[in-house]
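First comes the structure, then the notes that go with it.
Bear in mind these aren't lab numbers, they're just calculated from the coordinates by the rules spelled out. What you see is a predicted model; the values in this text were computed from it and never measured. Here the Cβ is made from the backbone with ideal geometry for all residues, glycine too, and neighbour counts use every protein chain on show.
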Amino acid sequence: MENVYLKKSEESINASKSCFELEYYNSCINRAYYAMFQAAVAVLFKEGFRPKSAKIGHDWVQAEFSKAFVLGTKRFAHLKGFLNLVQDVRDIADYSDQYIEKKKAKRTLDKAVIFVEDILKDIRK
């Protein structure tokens with residue numbers, strides 16, 4: 001099942017990059033966050049982690065990813081806080097009357113690219 005999430009993550013990060021180039025910064029942030037979320041799900045599933053319910057919740061993904069790979073094995077310690085930070089920016093982009101500016105979109109997209117690329121590289125080795 002994790003291959004589905006890998007493909008979704010790649011699609012989402014590419015969509016985020018395209019949105020940035022088109023100056024759709026709010027959509028860029030949205031896709032960046034979901035690319036990260038899907039990459040985190042892929043690695044969690046690959047390592048045998050599953051949520052207790054059928055729904056894959058954002059809180060569960062963030063908590064389990066941090067517990068297993070940032071604090072636990074330290075496999076992705078360098079990505080500490082990335083997922084939460086980008087979700088905070090996504091919440092602004094999706095649910096507030098603020099508009100995400102180019103500079104913030106670029107910094108956020110850069111974090112998402114690092115997060116996704118590092119996880120995908122790790123999964124594929």
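How far is it, in nm, from the label point at H78 to the one at A63 when both lie 7 Å from their Cα along the line to the Cβ?
Each label point lies 7 Å from its Cα, and together they span 2.9 nm.
Once the Cα atoms of helix 102-124 and of the chain are each reduced to a long axis, what angle between those two axes, in degrees from 0 to 90 to the nearest 10, is obtained?
20 degrees
For region 76-85, in order, what is each residue's ³J(HN,Hα) by Karplus, 6.51 cos²θ - 1.76 cosθ + 1.60 with θ = phi - 60°, in whole Hz (x at glycine and Pro)?
Ordered by residue, 3J(HN,Hα) equals 10, 4, 5, 9, 3, x, 4, 4, 5, 4 Hz.
Using amide H atoms built in the peptide plane, which far-off residues or other-chain residues are under 5 Å from I100 H to H?
N26
Name the aspartates and glutamates eligible as straight-distance cross-link partners of K52: C-alpha to C-alpha under 13 Å, and not fewer than 8 places from it in the same chain.
Partners found: E64.
Determine ³J(HN,Hα), in whole Hz, for all residues of region 18-27 in sequence, where each value follows from phi through the Karplus function 6.51 cos²θ - 1.76 cosθ + 1.60 and θ = phi - 60°; x replaces Gly and Pro.
4, 4, 4, 4, 7, 6, 9, 5, 5, 5
Considering the values [x] 14.4; [y] 15.1; [z] 16.1, which represents Kirkwood radius over Cα pairs in Å as calculated for the structure under consideration?
The calculated read-out lines up with [x].
Less than 16 Å apart at the alpha-carbon level, and either on another chain or at least 8 residues along: which aspartates and glutamates does that give for K102?
E21, E23, D94, D110
Give the lysines reachable from K46 as a straight Cα distance under 28 Å; neighbours fewer than 8 places away on the same chain don't count.
K7, K8, K17, K55, K67, K74, K80, K111, K121, K125
Quick one: net charge of Q38's neighbours, Cβ under 9 Å, K/R +1, D/E -1?
Charge balance in the 9 Å sphere: 0.
Tell me, in nm to one decimal, what length is gained between K106 and E23 on full extension, where the rule is 0.36 nm per residue of separation less the Cα-Cα distance?
28.8 nm
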